[in-house]
Amino acid sequence: MKVSEIMQILEARMFTQQEEDLEIDSGCGCDLMSDVLAFNHNNNVLLTGAVNLQAIRTCEIVDTHVVVFVRDKEPSEEVVELAEDAGIVLLGTHYSMFEACGRLYLAGLRGEEINNDF
Amino acid sequence: MTFNYVVDPEAPERAGRASTRFKGVLKELGVSPKVIRAISIAMYEGEINMVIHAKGGTIRCDVDPDKITVVMADVGPGIPDIEQAMKAGWSTASPEARELGFGAGMGLPNMKKWSDKLLVETELGVGTTLTMEFNLT
């Protein structure tokens, strides 16, 4: 799914200056960065309510290139700057986490199989 | 080749810089993406632990032809019960750490999951040293 499609489905706006043609393979909805580190796969979109620097650093670590902040949460300039430096697209939607994930799922986006072995 | 980093306890918002920098080094060295991912995730969890549980510390990364070793040494309270700390879901993190999305009790389990070998040496009131090995072959 392209970033431009995600923006359309979620009526989202973009906080960073990046291309809308970027294509992602799967989705993940999560506020717990430890869970993102444990289960997230690369090249997916992360939907989160965590609007902080650590959310961006976590995405940088796991090669997640697109983040959607839910419930109209606004990232600080510092967060946007870090995302731009890391080449991460930041979007914002007015939908809640549940609604936003549901809308993307309905449009055909899926999550990845997770491995619970520790 | 050895790379050294310092984790500053006074700037928790910077936690993760060492891991992202070393990730860049590994990319330049041409290490496989799978190994880079494992090292980055495990090192990042360690870095977060150093900030939320200890008073910062140092990280030493040794790159050898057959393996990469990451040694993370903190000055902190030490871990009273390692067995419990290794359990997924167990955490003693502060509300502040939880607000950042951490403290879910996945730190050490994640480090164990992503590394090929994990050694935890800890002394109460002195600190904890984690040694992780990642095989390149």
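Observations on the model:
- Remark on A:GLU112: its backbone amide H falls under 5 Å from those of A:GLY27, a criterion applied only to residues 5 or more positions apart or on other chains, H modelled at 1.01 Å from N.
- Per-residue mean of foreign Cβ neighbours for A:52-60 is 6 (Cβ atoms of other chains, 10 Å radius).
- Computed on chain B, with alpha-carbon pairs under 8 angstrom and 6+ residues apart, the relative contact order is 27 percent.
- q = 0.08, 0.14 Å⁻¹: log10 I(q)/I(0) that the Debye formula gives for chain B, counting C-alpha atoms only: -0.19, -0.58
- Peptides B:81-89, B:101-109, A:92-100 ordered by average Cβ neighbours within 10 Å, highest first: B:101-109, A:92-100, B:81-89
- When you work out D = kT/(6 pi eta Rh) for region B:18-69 at 20 °C and 1.002 mPa s, using the Kirkwood radius from C-alpha pairs as Rh and the Stokes-Einstein form, the result is 185 µm²/s.
- For region A:1-71, the antiparallel share of DSSP beta bridges with both residues in that region comes to about 10%.
- Mean-position separation - Cα centroids, region B:47-123 and region B:18-43, in angstrom: 17
- Order of A:GLU81, B:GLU123 under a 10 Å beta carbon neighbour criterion, fewest first: B:GLU123, A:GLU81
- Each residue of region B:124-132 was assigned a 3J(HN,Hα) from its phi angle through the Karplus curve 6.51 cos²θ - 1.76 cosθ + 1.60 (θ = phi - 60°); the sequence is 4, x, 10, x, 10, 10, 10, 10, 10 Hz, with glycine and proline shown as x.
- For region B:77-93, 3J(HN,Hα) per residue [Karplus equation, 6.51 cos²θ - 1.76 cosθ + 1.60, θ = phi - 60°, Hz, x = Gly/Pro]: x, x, 10, x, 9, 5, 4, 5, 5, 7, 6, 4, x, 8, 8, 10, 5
- Once the gyration tensor of the Cα atoms in the protein assembly as shown is diagonalised, the equivalent ellipsoid follows with semi-axes of 31, 19, 17 Å, ordered largest first.
- Residue exposure proxy: B:SER19, A:SER76, B:SER115, B:SER91, ordered by other Cβ atoms within 10 angstrom of their Cβ from fewest to most, comes out as A:SER76, B:SER91, B:SER115, B:SER19.
- Temperature 4 °C, viscosity 1.567 mPa s: under these conditions the Stokes-Einstein estimate for chain A, based on its Kirkwood radius over C-alpha pairs, is 94 µm² per second.
- Membrane-span-like helices of chain B, defined as complete DSSP H segments with a Cα extent of 20 Å or more along the helix axis and a mean Kyte hydropathy of at least 0.0, are identified as B:33-52.
- J(HN,Hα) series, region A:16-33, from Karplus relation 6.51 cos²θ - 1.76 cosθ + 1.60, nearest Hz, glycine and proline x: 10, 9, 10, 5, 9, 8, 3, 10, 10, 9, 7, x, 8, x, 6, 9, 8, 5
- Of all DSSP bridge pairs formed entirely within the protein assembly as shown, close to 70 percent run antiparallel.
Read the figures in this text as sums done on the coordinates, not as results from a lab. Just so you know, these numbers come straight off a predicted model, no measurement behind them. Counting neighbours? That spans all protein chains shown, and the Cβs are built from the backbone with ideal geometry, glycine included.
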